[in-house]
């Protein structure tokens with residue numbers, strides 16, 4: 001059995017240097033033995049380091065026992081005087097990703113919603129070994145095979161609009177499952193058993209119940225050796241990232257990657273740079289065959305070809321020698337018309353973004369001139385024109401969009417601001433001369449509230 005203090009002190013030695021005094025720590029609490037032990041240990045350590053603890057239980061609704069698990073977690077936290085938030089989620093829309101992956105995405109989304117300095121999760125050494133083997137069996141590269149670090153920054157989920165990073169801490173990563181069980185028994189802890197853990201049709205459970213016990217007979221130290229391999233992969237992944245950063249310095253400009261840079265590199269190095277670019281844009285990582293095809297099309301298609309490679313919820317496009325990575329464009333109502341009554345922001349579904357109206361003085365669109373007729377936003381229908389400067393001739397919108405290098409896939413989706421029947425503004429492109437502001441006059445600037453898929 002594990003002594004009363006041995007595991008607690010090991011965890012303290014691992015994480016105290018990583019978590020500043022007075023840190024707020026959110027514990028991911030499923031109610032299983034791992035997270036129950038994590039709560040117990042952190043509750044013991046919190047007074048020593050002045051950590052502020054809270055917990056989050058995600059109610060997936062998959063099991064018929066899900067309500068009972070939530071009740072158990074609530075009672076456990078009440079006994080420890082730890083505040084608990086129960087997040088009820090609907091896994092149905094994400095089932096195409098697989099139940100395990102969908103549940104993980106929803107947990108991370110729930111973590112991202114909570115205000116805290118760190119999120120503590122109960123991954124341990126056996127989880128690390130299982131994760132590495134699963135990634136290798138999927139044919140993952142060195143980034144995937146790096147498995148799980150003790151402390152990491154995890155971006156918000158890719159299906160979400162969140163962009164903030166979550167600081168994930170794994171205090172039990174160097175503890176085995178058996179050590180955790182021994183600790184729970186020694187301290188007379190109670191926990192719940194998820195019946196799905198016995199179902200070896202799930203790949204992780206198959207490894208856990210059928211493969212790893214057999215492996216342990218011949219290689220009893222496999223947890224440590226696989227952890228070392230994961231560390232080697234992590235170092236290799238870091239070196240590849242450093243190489244990609246060197247290549248990216250001249251190749252990536254804002255939201256675009258130069259095709260010429262890809263063409264100038266060896267294929268492995270070009271693929272490394274392309275993966276780095278996609279990762280930097282928050283895109284899901286393509287499969288090996290997909291990224292090979294992507295690189296071939298981006299580098300070898302005709303200059304005037306409308307290259308668009310779709311995979312999952314993402315698209316990779318080429319325009320004027322630049323590579324763009326963006327979420328797949330949704331369908332939109334071409335008859336869309338939105339009135340503007342002075343709001344600071346409006347949703348613009350055609351670009352899946354928000355429009356921001358910033359009040360100014362001496363810049364932008366004249367608010368006084370917008371009082372002459374109702375102000376609306378609508379989509380392009382063809383034949384539009386405006387005069388972009390008082391000394392300029394009237395120009396067609398088509399020419400203005402081309403001159404401002406607006407990507408073709410965005411041109412039919414841009415919001416056009418009208419005052420009555422007069423085109424006033426195309427954000428990021430031009431304001432009609434007749435509506436431009438005079439010195440010291442009050443005005444408004446129209447722009448996109450979020451960094452998104454359009455960069456003029």
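The values are calculated or read from the model by the stated rules, or taken from the named source; none is laboratory data. Everything quoted here is computed from the prediction, not taken from an experiment. Reconstructed Cβ throughout: ideal geometry from the backbone, glycine too, with neighbour counts over all protein chains shown.
Scanning segment 76-86 for residues that are in contact with a helix residue (DSSP H, G or I) (Cβ under 7 Å, 6 or more places away or on another chain) and modelled with pLDDT under 95 turns up at least one hit.
The rows are residues; the columns are (1) modelled with pLDDT under 95; (2) over 23 Å from the mean Cα position of the chain (by Cα); (3) at positive phi; (4) surrounded by fewer than 17 Cβ atoms within 10 Å (Cβ to Cβ).
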site	(1), (2), (3), (4)
27	no, no, no, no
34	no, yes, no, no
41	no, yes, no, no
48	no, yes, no, yes
51	no, yes, no, no
54	no, yes, no, no
58	yes, no, no, no
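Kindly indicate the residue of segment 311-353 that is more than 28 Å from the chain's Cα centre (by Cα) and outside any loop (DSSP other than H, G, I, E, B) and also farthest from residue 403 (Cα to Cα) among those meeting that condition. Top of the filtered list is 339.
Considering (1) at pLDDT 90 or above; (2) more than 11 Å from residue 37 (Cα to Cα); (3) buried (at least 17 other Cβ atoms within 10 Å of the Cβ), the lone condition that residue 179 does not fulfil carries the number (2). You will find that of 19, 42, the residue that is touching a strand residue (DSSP E or B) at 6+ places or on another chain (Cβ under 7 Å), in the same structural domain as residue 83 (by TED's automatic domain parsing) and not in a loop (DSSP other than H, G, I, E, B) is 42 and no other. Considering only residues of segment 299-324 that are touching a helix residue (DSSP H, G or I) at 6+ places or on another chain (Cβ under 6 Å) and free of Cβ contacts under 8 Å to residues at least 60 places away in the same chain, which is surrounded by the most Cβ atoms within 10 Å (Cβ to Cβ)? Across segment 299-324, the extreme among qualifying residues is 316.
Do you know which of the residues in segment 397-456 that are in contact with a helix residue (DSSP H, G or I) (Cβ under 6 Å, 6 or more places away or on another chain) and modelled with pLDDT of 85 or more is farthest from residue 328 (Cα to Cα)? Per the stated criteria, the residue is 435. Whether a residue is part of a strand (DSSP E or B) and in contact with a strand residue (DSSP E or B) (Cβ under 8 Å, 6 or more places away or on another chain) was assessed, and residue 370 does not pass this test. Taken over segment 250-279, the residue count meeting the criterion of being closer than 16 Å to residue 144 by Cβ, in contact with a strand residue (DSSP E or B) (Cβ under 9 Å, 6 or more places away or on another chain) and surrounded by fewer than 18 Cβ atoms within 10 Å (Cβ to Cβ) is 0. Taking first residues from segment 211-223 that are touching a residue at least 24 places away in the same chain (Cβ under 8 Å) and partners that are assigned to a loop (DSSP other than H, G, I, E, B) and surrounded by 10 or more Cβ atoms within 10 Å (Cβ to Cβ), the Cβ contacts under 8 Å between residues at least 6 apart in sequence or on separate chains come to 223/176.
For segment 249-267, the candidate set comprises residues that are outside any strand (DSSP E or B) and within 17 Å of residue 315 (Cα to Cα); within that set, the residue that is modelled with the highest pLDDT is 259. Given the condition buried (at least 19 other Cβ atoms within 10 Å of the Cβ) and within 24 Å of residue 258 (Cα to Cα), answer yes or no: does some residue in segment 345-357 qualify? Scanning segment 345-357, I find at least one residue that is buried (at least 19 other Cβ atoms within 10 Å of the Cβ) and within 24 Å of residue 258 (Cα to Cα), so the answer is yes.
Just one of the numbered conditions (1) without any contact (Cβ under 8 Å) to a residue 12 or more places away in the chain; (2) out of contact with any strand residue (DSSP E or B) (no Cβ under 9 Å at 6 or more places or on another chain); (3) closer than 27 Å to residue 317 by Cα is not true of residue 347: (2).
The set of residues in segment 199-211 being in contact with a helix residue (DSSP H, G or I) (Cβ under 7 Å, 6 or more places away or on another chain) and either buried (at least 16 other Cβ atoms within 10 Å of the Cβ) or over 16 Å from residue 148 (Cβ atoms) (or both) consists of 199, 200, 202, 203, 205, 207, 208.
Here is the figure for segment 280-298: residues that are assigned to a helix (DSSP H, G or I), touching a strand residue (DSSP E or B) at 6+ places or on another chain (Cβ under 7 Å) and surrounded by 18 or more Cβ atoms within 10 Å (Cβ to Cβ) total 2. When you look at residue 277, is it farther than 30 Å from residue 174 by Cα, touching a helix residue (DSSP H, G or I) at 6+ places or on another chain (Cβ under 9 Å) and either part of a helix (DSSP H, G or I) or not assigned by TED's automatic domain parsing to the domain that holds residue 130 (or both), yes or no? So residue 277 fits the description; yes. When segment 398-427 is filtered for residues that are in a helix (DSSP H, G or I) and touching a residue at least 60 places away in the same chain (Cβ under 8 Å), the ones remaining, listed by number, are 408, 409.
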